[in-house]
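Just so you know, all these numbers are worked out from the coordinates, no wet-lab data involved. Remember, predicted model here, so these are calculated numbers, not experimental data. Note that each Cβ is placed from the backbone with ideal geometry, even for glycine, and that neighbours are counted across all protein chains shown.
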Amino acid sequence: MQQMSMEPNEEKQPVGSGDWIESSEQVKAVESPSLSQQVTKSWLRESLESIIPALIIVLLINAFLAQATRVEGQSMEPNLHNDERLIIEKVSYRLRPPERGEIVVLHIPGRESSAPLIKRVVGLPGESVEIHDGKVYVQGKVLDEPYLTQMTYGNMPARVVPPGHVFLLGDNRNASNDSRFFGMVPFEEIVGRAWLRYWPLDEIGIIEP
């Protein structure tokens, strides 16, 4: 005897031996996602399509064009101060070598894992640099440094800057770890040139050599 369902208004269609499926209306209710699920998936997809390209662009800019950095310490006072925010541009030194007076961000040679430093270019390739009588001498002549507010104390015998290197000093000569201690810096260890100060807002502006 065929067993009949006692539930009213319910239809089942045989599929195969011993198999039954619900009516088409019930199948749609089970298989079709809700409107909220569709909206969520659509929003997520659109968000990813917008965010991922933006992240890629940011990474490319950071790697090849420019990056933000923060000044740590007092080695560049009175011209740069602790906790100021700068934009470092990376394009110039792909086209030309560093120039005297420019402020650069660098890695200490042989210590690339350490925090980057920010210093000023003083000596260029092939030049002789020495320090005595409170002044810096380049090629035997006193270097004009209008950005300083103090003398450069101590003595350093003449050193010749090798090709592809620069000699760097901090503006706060008595509180700076620079080329007097870690030596000449090869071009490839220079991250970029300090270009713009954007924080604090009352100091915003282009950084001049």
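One table, with the values for the structure above:
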| read-out | value |
| --- | --- |
| Estimated distance in nm for a label pair at I206 and R111, the labels positioned 7 Å out from Cα along Cα-to-Cβ | 3.4 nm |
| Full-stretch length increase - R94, E46 - with 0.36 nm per residue and alpha-carbon distance subtracted | 13.6 nm |
| Local electrostatic count at F182 - Lys and Arg +1, Asp and Glu -1, tallied over other residues with Cβ under 12 Å | +1 |
| Kirkwood Rh in Å, taken over all unlike Cα pairs in region 71-206 | 15.2 Å |
